[in-house]
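Have a look at the structure below before the remarks.
The values are calculated or read from the model by the stated rules, or taken from the named source; none is laboratory data. Since we're looking at a predicted model, the values are computed, not measured. For neighbour counting, all protein chains shown are included, and Cβ atoms are generated from backbone atoms with ideal geometry for every residue, glycine included. Protein only, heavy atoms only, side chains kept; ligands, DNA and RNA dropped before computing areas. Shrake-Rupley method; radii C 1.70, N 1.55, O 1.52, S 1.80 Å.
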Amino acid sequence: MKKYLINICFIISMFTFAQNLKIIPLGVYGGSNESNLSSYLLAEENTTDYIALDAGTIYSGINKAIENGSFTNTTIENILKNNIKGYFISHGHLDHLSGMLINSPEDSSKPIYAIKETIEVLKNKYFTNTAWINFANEGESPILNKYQYIYAEIGKVFSIYNTNFTGTVFELSHVNPLKSSAILVENNKHAVLYFGDTGADRVEKSDKLAKIWKEIAPKIKSGKLKTIMIEVSFPNSQSEKILYGHLTPYLLNEEMGKLAKLVGKNNMKKLSIIVTHIKPKDDNEQIIKNELLNTNPYSINYIFPKQGDLIILK
Ligand SMILES: [Zn+2]
Ligand SMILES: [Zn+2]
């Protein structure tokens with residue numbers, strides 16, 4: 001009987017602590033279409049407690065996700081107010097935060113997680129009472145105090161409130177002097193690494209990606225981290241001189257080569273990369289997909305997210 005009870009407890013704890021993760025993309029592009037800009041809801045599979053990874057598009061994305069059956073028996077208002085528990089904003093560009101600004105009057109009180117430089121942009125450029133009402137908790141008066149800024153320190157683990165997640169942020173090189181960032185979101189069993197806009201180390205004359213690869217390599221080797229969400233904004237035809245802090249398929253492969261050296265080719269095959277922030281000009285979307293799939297030296301599983309379509313991470 002005792003053994004039976006221990007087994008039951010073990011099974012229950014497995015269900016409690018070993019949940020798969022799910023992602024609902026609210027917006028997937030890096031420009032052009034304002035109804036479909038970078039934002040991804042991430043939660044444990046059987047919960048509705050989401051952290052929004054960037055917030056370029058919110059309302060149109062939730063609407064689409066309801067239409068597509070990714071949310072059932074709920075409303076846009078309920079998801080916005082009750083299910084989105086907080087925002088991680090990777091950097092200060094509008095395509096990563098305009099949905100949050102526009103929906104702020106209807107939103108509920110919640111934290112905004114970001115590096116100091118991004119909070120400065122929100123505080124001094126957007127929530128100013130001139131560009132937009134100050135719904136946050138610092139800056140120009142009147143201060144409405146609906147959103148609480150949480151200053152994420154580079155490399156330090158912090159709690160993501162009202163979820164079972166922790167976050168760790170890393171610095172990225174994008175367009176100087178603006179700082180961009182990535183976040184590693186983890187529960188007990190699984191992890192997802194989400195990148196804001198980033199250039200490649202060689203082009204940026206930086207070592208910021210190299211530092212991240214070194215930091216996360218043990219989690220890839222242990223099998224905890226199997227999903228990376230990273231931008232590929234332009235096709236290979238875009239000259240490196242006019243990338244403005246973005247990646248191409250060629251440059252992503254270059255970076256993956258560095259990661260492969262740290263974790264080994266076998267572990268690379270277990271990786272899924274969710275390709276974000278494609279700039280959908282002309283045929284670029286199809287060209288980028290072809291370039292990634294046709295030259296895939298590490299046999300990475302590429303996922304091309306669609307607005308509103310649920311992704312379950314195994
Ligand atoms: Zn962007
Ligand atoms: Zn940007």
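Can you tally the lysine pairs in the stretch 76-150 where the Cα-Cα distance is under 15 Å and the two residues are eight or more apart, or on different chains?
On the way: 81/110; 81/146; 85/110; 85/146; 110/146; 116/125; 123/146.
Summing the qualifying lysine pairs gives 7.
Suppose all protein chains stay in the model; what accessible area per residue would a 1.4 Å probe give for the stretch 21-305, in Å²?
Numbers: 11740 Å² over 285 residues.
Accessible area per residue: 41 Å².
Using the Cα gyration tensor of the chain, with a ≥ b ≥ c the square roots of its eigenvalues, what is the shape: rounded (a/c below 1.5), prolate (a/b larger than b/c) or oblate (neither)? Present the calculation step by step, with values, prior to reporting the outcome.
Working: a/c = 1.44, a/b = 1.00, b/c = 1.43.
Rounded.
Would you rank 150, 102 by solvent-accessible area, highest first, keeping every protein chain in place and using a 1.4 Å probe?
On the way: 150 45, 102 105 Å².
Largest accessible area first, the residues go 102, 150.
Got a number for carbon plus sulfur as a percent of the stretch 177-314's accessible area, 1.4 Å probe? Spell out each step's value before the answer.
Values: 3050 of 6120 Å².
Accessible surface attributable to carbon and sulfur in the stretch 177-314 totals 50 percent.
Each label point is 7 Å from the Cα along the Cα-to-Cβ direction; what then is the distance between the points at residue 290 and residue 46, in nm?
Using points 7 Å along Cα→Cβ, the separation is 4.5 nm.
Please list, in order along the stretch 288-294, the HN-Hα scalar couplings obtained from phi with the Karplus expression 6.51 cos²θ - 1.76 cosθ + 1.60 (θ = phi - 60°), rounded to whole Hz, x for Gly and Pro.
4, 4, 4, 5, 5, 6, 7
Quick one: of the DSSP bridges fully inside the stretch 21-305, what percent are antiparallel, nearest 5?
Approximately 45 percent, going by the DSSP bridge assignments.
Whole Å is fine, so just give me how far the alpha carbon centre of the stretch 177-198 lies from that of the stretch 204-235.
Cα centroid to Cα centroid, the span is 9 Å.
Ranked by accessible surface with a 1.4 Å probe, highest first, in what order do 180, 60 come?
On the way: 180 0, 60 50 Å².
Putting 180, 60 in descending order of accessible area: 60, 180.
Go through 70, 104 and list them by solvent-accessible area, largest first, probe radius 1.4 Å.
70, 104
Using 7 Å Cα-to-Cβ label points, what is the residue 281/residue 109 separation (nm, one decimal)?
If labels sit at residue 281 and residue 109, their model points lie 4.4 nm apart.
If I model a spin label at residue 266 and residue 138 as a point 7 Å from the Cα along the Cα→Cβ vector, what separation in nanometres do I get?
Distance between label points: 4.7 nm.
Give me a comma-separated list of calculated 3J(HN,Hα) values for the stretch 241-256, in order, Karplus coefficients 6.51, -1.76, 1.60 applied at θ = phi - 60°, integers in Hz, x for any Gly or Pro.
Calculated HN-Hα couplings, in order: 6, 10, 8, 6, x, 10, 10, 10, x, 4, 6, 5, 4, 4, 5, 5 Hz.
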